[in-house]
Amino acid sequence: MEKKKVYIAMSADFIHDGHMNIIDEGAKYGDVIIGLLTDEAIATYKRVPLLNYETRKRIFSSLKNVKEVVKQDTLDYTNNLRKIKPDYVIHGDDWQKGLQSVVRQNVIKVLKEWNGKLIEVPYTIGNNCTDLEEAYRTLTNTPDNRRSKLKKLLKLKPYISVMEASNGLSGLIVENTKVENIEEGKIKEFDAMWVSSLCDSTFKGKPDIELVDLTSRINTINEIMEVTTKPIILDGDTGGKTEHFIYNVKTLERLGVSAIIIEDKTGLKKNSLFGTEVKQTLEDPYVFAEKIKAGKDALATRDFMIFARIESLIAGSTVEDALKRADIYIDAGADGIMIHSKEKDGKEIKTFLSAFRKKYQDVPVILVPTSYNQYTEEELYSWGASIIIHANHLLRSAYPAMLKTAQEILKNGRSKEVDKYCMPIKEILTLIPGGK
Ligand code: SPV
Ligand code: MG
């Protein structure tokens, strides 16, 4: 008699006895086929897996209770189930609530087509798994791992969503904020952090004119790095003198920063969102290209990226000029470009991208849609964007809240009236674990 087929889907970036229990349980019912999630599928809901698909496949293929390992390239099982038509699907009983419940419903529905059965086994690993995940994050949070994450994400995801982080606390918000979309069966979170010159300077009460020096910027980066694991992109302003830039990129690379973006302006740098209200002097593109090239030559790894930020549209020049500059910077070895604009309709950006993508399909393009924020990330991706940076929104939302609280306390001569705007003391005391 032919043995029954048992399907078990797993991501298993690290393997613990919970996985083994499920596999051993499955083997009691028949031949175990592991639907191993691809790196891309894992990146859509978790993080970049440390062990790539091939490595994980080798590990699982060598287990005595595993008959076969097949690729599962979405969280949803449907395609694989229809192909394999297993008699049983085995899963821990921890997926009845929340995001995974949709995946579960689909499994039950599809299995009915051939009278397959879902078997749910008690989820044995309990809190331990959260501890393991925590331990895993801590142990793997080395500069090498962290630095390489951005490049890996660029390969695994259609586009990268980046949020401003300007200190440890906002870093934690970017690290931990998740939104579940139950209908689509997706968890959304930010992929990476942007250390903005505008926000880093403003938090220090200083203007955004390259006044806050690199030592201070590195302090901010270290503060964020100590409590987070996501990749960091640094706003490097103009990159300064080439002779300094070659040392600075090495420092950042050694720390575990993933990328720096430098802009092609010269003279006293002013924030781009002033546009032509202030003097914005574009650098000679060939001089700027030399800086990019010197920076790339100085690096020790292939993971650290240098992006060239094109300021043509900020300084009142044309899309043609921006495209010409893009060619020169890519020739010089830039890992990608950022095209900036303060126009509200986003038209120049769309025009730039449509011409750029005809020539370069794989070169990453970064957008900072502060002015044209009516477009969603999906829309900007459809124009050709690869990395989308929300550059200043945590600072901009925090400041009005703080100001209002300060004014109310002054007005009332006490703080009772602001209690309703404030987080309860009990919550703030325990917001950061380990303080009790
Ligand atoms: C920053 O965040 O500092 C930037 C982006 O450089 S922008 O403010 O739009 O120039
Ligand atoms: Mg800046």
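The figures follow:
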quantity	calculated
Segment Thr251-Thr351, extension gain: residue separation times 0.36 nm, minus the distance between their alpha carbons	32.3 nm
Whole-percent carbon and sulfur share, accessible surface of the chain, 1.4 Å	53 percent
Hz values of 3J(HN,Hα) by residue in the range 138-145 - Karplus curve (6.51, -1.76, 1.60), Gly and Pro given as x	5, 5, 8, 7, 8, x, 4, 4
Dipole-positive endmost among Leu431, Asn222, Thr405 within the chain (Cβ charges, Cα centre)	Leu431
Coordinate range along principal axes, alpha carbons of the range 5-130, Å, largest first	37, 32, 27
Greater than 24 Å apart at Cα, pairs in Lys155/Lys188; Lys112/Lys188; Lys152/Lys206; Lys64/Lys149; Lys206/Lys270; Lys188/Lys250	Lys112/Lys188; Lys152/Lys206; Lys64/Lys149; Lys188/Lys250
Amide H within-cut-off set for Gly92, under 5 Å, with H built and near neighbours excluded	Val121
Net lengthening on full extension, Ser61/Glu427 (0.36 nm per residue, minus Cα-Cα)	127.1 nm
Segment Thr266-Glu223, length gained on full extension (0.36 nm per residue, minus Cα span)	12.5 nm
Placed amide H near Tyr29: partners under 5 Å, 5+ positions off or other chain	none
Loop trypsin sites (Lys or Arg not before Pro), the range 329-417, which have at most 15 other Cβ atoms in a 10 Å radius of their Cβ (DSSP)	Lys344, Arg414
Simple Cβ-charge dipole of the chain, Lys/Arg +1 and Asp/Glu -1, about Cα centre, in debye nearest 20	600 debye
GNM flexibility winner over the chain from Met163, Met20, Met423 (Cα, springs under 10 Å)	Met423
Note, ³J(HN,Hα) from phi for the range 330-338, Karplus 6.51, -1.76, 1.60, rounded to Hz, x at Gly and Pro	5, 4, 7, x, 4, 6, x, 10, 10
In degrees, nearest ten, helix 17-27 long axis to first principal axis of the chain (Cα)	40 degrees
Inter-site label distance for Lys112 and Asn141 at 7 Å from Cα along Cβ, in nm	4.5 nm
Normalised convex hull volume, the chain, alpha-carbon set, Å³ per residue	177 Å³
Inter-centroid distance (Cα atoms) of the range 237-258 relative to the range 154-170, Å	20 Å
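The values are calculated or read from the model by the stated rules, or taken from the named source; none is laboratory data. Everything numeric here is computed off the predicted structure, so don't read it as measured data. As a convention, Cβ positions derive from the backbone with ideal geometry for all residues, glycine included, and neighbour counts pool all protein chains shown. SASA here: full protein model, heavy atoms, side chains in, ligands and nucleic acids out. Shrake-Rupley method; radii C 1.70, N 1.55, O 1.52, S 1.80 Å.
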